[in-house]
């Protein structure tokens, strides 16, 4: 009976001394961010030991083997390793229960399952955190086909026309293209000129016909003494 009680007490003490760790289950970011922080917090009932160790690892998927990312030995002696050497750096404070990792210039190839484990004697039985990192590729800027610029950005080329000179020679000249308002004004002006010309022509025809009618009314025959007649026309 005493043996069972002793075992239970030891198990309870072991559970009480176990390291506690927690962190986000998933992180998402976009390619091009300067720095990404991967949090990892821990709690230990034991004082921080000079032999404390923090181990960061990465897996492409749960089925792939773990790859080293960063190792901290002691309160401040750390080094990065593996494919992220030079881009993974320590960003935690063990005295505050912080074991965070910073990743410089995250890329889509950095996506994977990251784990953080802290060992602080005698606390060595904590469950490592697991954070799924997803780095999304930045969408490329759309470009027009054939390398041409968008229509809104393309300059409007000057209009050209072929001009026939008096010598029969052809020369290129630049003709400005009027806008819709100017074109409408030109059309209205041309219509007015045509209307005025028609009115003048009609008035001239009416005046001419009236003169002919008046002239015919004043044509009277005049008798001479020899019996001949002379028609007088008054204008």
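The values are calculated or read from the model by the stated rules, or taken from the named source; none is laboratory data. In this text the structure is predicted, and so the values were computed from the model without any measurement. Counting neighbours? That spans all protein chains shown, and the Cβs are built from the backbone with ideal geometry, glycine included.
Checking the conditions here, which among 57, 107, 67 is under 31 Å from the mean Cα position of the chain (by Cα), at pLDDT 95 or above and either under 30 Å from residue 139 (Cβ atoms) or buried (at least 17 other Cβ atoms within 10 Å of the Cβ) (or both)?
When all the criteria are applied, what remains is 107.
Being closer than 17 Å to residue 128 by Cβ, in contact with a strand residue (DSSP E or B) (Cβ under 7 Å, 6 or more places away or on another chain), at pLDDT 95 or above and crowded, with 16+ Cβ neighbours inside 10 Å, is that true of even one residue in the range 7-19?
Taking every residue of the range 7-19 in turn, none turns out to be closer than 17 Å to residue 128 by Cβ, in contact with a strand residue (DSSP E or B) (Cβ under 7 Å, 6 or more places away or on another chain), at pLDDT 95 or above and crowded, with 16+ Cβ neighbours inside 10 Å.
Could you list, in sequence order, all residues of the range 81-91 that are crowded, with 18+ Cβ neighbours inside 10 Å and within 17 Å of residue 59 (Cβ to Cβ)?
Across the range 81-91, the qualifying residues are 84, 88.
Condition check: touching a strand residue (DSSP E or B) at 6+ places or on another chain (Cβ under 9 Å), at pLDDT below 95 and assigned to a strand (DSSP E or B). Does residue 118 satisfy that?
Spelling it out, it is not the case that residue 118 is touching a strand residue (DSSP E or B) at 6+ places or on another chain (Cβ under 9 Å), at pLDDT below 95 and assigned to a strand (DSSP E or B).
Condition check: touching a strand residue (DSSP E or B) at 6+ places or on another chain (Cβ under 9 Å), surrounded by fewer than 14 Cβ atoms within 10 Å (Cβ to Cβ), at pLDDT 95 or above and closer than 20 Å to residue 28 by Cα. Does residue 62 satisfy that?
Criteria not met by residue 62.
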